[in-house]
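Trainee: Dumping the structure here so I can ask a few things about it.
The values are calculated or read from the model by the stated rules, or taken from the named source; none is laboratory data. Every value quoted in this text rests on a predicted model; they were computed, and no experiment measured them. No Cβ is skipped: glycine too gets one built from the backbone with ideal geometry, and neighbour counts run over all protein chains shown.
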Amino acid sequence: MDIKGAAALVTGGGSGMGADVARHLAKAGARVALLDVNRAAAEVVAQEIGGLGLACDVASAESAEAAVAAARAAHGPARILVNVAGILIPGRIVGKDGPLPLEKFSKVIEVNLIGSFNMMRLAAFDMAALPALQDGERGVVISTSSIAAYEGQIGQAGYAASKAGIAGLTIAAARDLARSGIRVNTIAPGLVATPMMLTLPPELQKSLTDAMPFPQRLIRADEFSRLCLHIIENVALNGEVIRLDNAVRLQPK
Ligand SMILES: NC(=O)c1ccc[n+]([C@@H]2O[C@H](COP(=O)([O-])OP(=O)(O)OC[C@H]3O[C@@H](n4cnc5c(N)ncnc54)[C@H](O)[C@@H]3O)[C@@H](O)[C@H]2O)c1
């Protein structure tokens, strides 16, 4: 699909990889709406790129419906959805103080997995009503998993389960939405240099990068964004989960 002139929704657009994808999409000529639970952060990035910053809790049906409607009113129905919003709540299943509080597990599933699905269903509904482009294509959805979907580490039960859910959803959703000409792909990043990662102590960052076969450095956000652009442009990519990880295989801790 041509990015130029298309309307795009980016969740988690107020920070890290979401902000970087939004910048790349805007530079490629898309009309970008940034949906983030942190509205102020989304608005800062939106202002910089001439986009629209919207408050949105991806885990809430009402909040996501309102944000998608506001984006539609400003930019027209989106042909591109990039799900980047995500959270990590660490905790061992059995910790020093007892079993992991269930709400910690539920919260990660709600934001990461249910939130990605919630946005997908709303965006796909709009996409399905748009005229078909070349090859009968109407829209494309990209979600963000993690290599923790395959090699979840100690203390990451909820996060790993949520990201594995996103990976598993990919082929089912691609098949389900195929009749509308909507593609669904997922990126499973390794360790990306976002503010969260860069706040880790330098020795810990070094031990993480030393374990990387090649290249031995954190992944840059723009490497994630450029893969998003390629997925959007390449109509043959569908139903796939792509690891972007320097050949890293995470150890138990
Ligand atoms: N940074 C990494 O190394 C890494 C590796 C693999 C996967 N990921 C995944 O990539 C995505 C982005 O990571 P990041 O490092 O840029 O994170 P980040 O914390 O910098 O940004 C996440 C954004 O999501 C927003 N958000 C959180 N909950 C939300 C909700 N309920 N509704 C809407 N927005 C919400 C936050 O406000 C924030 O702006 C996440 O899904 C993360 O799990 C990150």
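Trainee: I want to confirm something. Restricting to region 211-249 and keeping residues that are closer than 22 Å to Ala164 by Cα and among the polar types (S, T, N, Q), which single residue is nearest to the chain's Cα centre (by Cα)?
Mentor: Step by step, filter region 211-249, then rank; the result is Ser225.
Trainee: Kindly evaluate Ala41 against the criterion of being free of Cβ contacts under 8 Å to residues at least 40 places away in the same chain and either among the hydrophobic types (A, V, I, L, M, F, W, C) or within 16 Å of Thr194 (Cβ to Cβ) (or both).
Mentor: The answer is yes for Ala41.
Trainee: Also: For region 154-176, which positions are β-branched (Val, Ile, Thr) and assigned to a helix (DSSP H, G or I)?
Mentor: Ile166, Thr170, Ile171
Trainee: Okay, next question. What residue, among those in region 177-215 that are modelled with pLDDT of 95 or more, outside any helix (DSSP H, G or I) and out of contact with any Leu (no Cβ under 9 Å at 6 or more places or on another chain), is surrounded by the fewest Cβ atoms within 10 Å (Cβ to Cβ)?
Mentor: Phe214
Trainee: Got a sec? Which of Ile219, Ile242, Ile232 is surrounded by 21 or more Cβ atoms within 10 Å (Cβ to Cβ), touching a residue at least 12 places away in the same chain (Cβ under 8 Å) and within 16 Å of the ligand (Cβ to nearest atom)?
Mentor: Ile219
Trainee: What number goes with the only condition from (1) touching a residue at least 60 places away in the same chain (Cβ under 8 Å); (2) out of contact with any strand residue (DSSP E or B) (no Cβ under 8 Å at 6 or more places or on another chain); (3) more than 10 Å from the ligand (Cβ to nearest atom) that Leu88 does not pass?
Mentor: (3)
Trainee: Next up: Tell me, which strands (runs of 3 or more DSSP E) lie completely within region 46-153 with 3 or more residues that are within 30 Å of Ala247 (Cα to Cα)?
Mentor: The strands (runs of 3 or more DSSP E) meeting that bar are 80-83, 139-144.
Trainee: Same structure again: If a residue has to be within 19 Å of Gly29 (Cβ to Cβ) and of a type outside the set (D, E, K, R) to count, how many in region 65-99 make the cut?
Mentor: Count: 9.
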